[in-house]
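To start, the structure under review is shown below, and the notes come after it.
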Amino acid sequence: MARLRCVFYDPEAFDAESRLSERALEACTRAEVEVFALAGHDEVQLEGEARSIGFVMRALAYQPEECIGVGAALREAPLGAVWVGPLDLEVRGDHVRVAEDDELLYGAVITELAERR
């Protein structure tokens, strides 16, 4: 399994008040995993400009298997895995992983880092 190098997340799937979300971001920093928030449909902020997820991956030379998405809004993104909440029943597929609870960012990041050691 490829090393996790990048996480794209939908701000709707992120709880800024949650200590676990903060810990997920800290874990990414320690593991040298880049994190990008979704800024619009398939766009993230990169150096002050909105760019597509595919553009960011090409610019940083990331392969899909090195990247994950967090949130149902990323279900169509060209990523190795997309994590969704347990209530996102309409989002399923080979690359979709379902978190056990609503701490979606934390569950996705910690699970992926542990599995890819």
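Per residue, the chain exposes 58 Å² of accessible surface when a 1.4 Å probe is rolled over the protein heavy atoms with every protein chain present. The Cα-based radius of gyration and maximum Cα-Cα distance (Dmax) for segment 2-101 are 12.9, 35 Å.
Return the carbon/sulfur percentage of the accessible area of the chain, one whole number, probe 1.4 Å, all protein chains in place.
Using a 1.4 Å probe with all protein chains present, the chain comes out at 46 percent carbon and sulfur.
Here the peptides 10-22, 66-78, 100-112 are ranked by packing, the mean other Cβ count within 10 Å, and the order with the highest first is 66-78, 100-112, 10-22. Over the chain, what is the relative contact order in percent, taking alpha-carbon pairs closer than 8 angstrom and at least six residues apart? With pairs under 8 Å counted, the relative contact order is 30 percent.
The values are calculated or read from the model by the stated rules, or taken from the named source; none is laboratory data. Because the structure is predicted, anything quoted here is derived from the model rather than measured. Cβ atoms come from the backbone with ideal geometry, glycine included; neighbour counts cover every protein chain shown. SASA here: full protein model, heavy atoms, side chains in, ligands and nucleic acids out. Shrake-Rupley method; radii C 1.70, N 1.55, O 1.52, S 1.80 Å.
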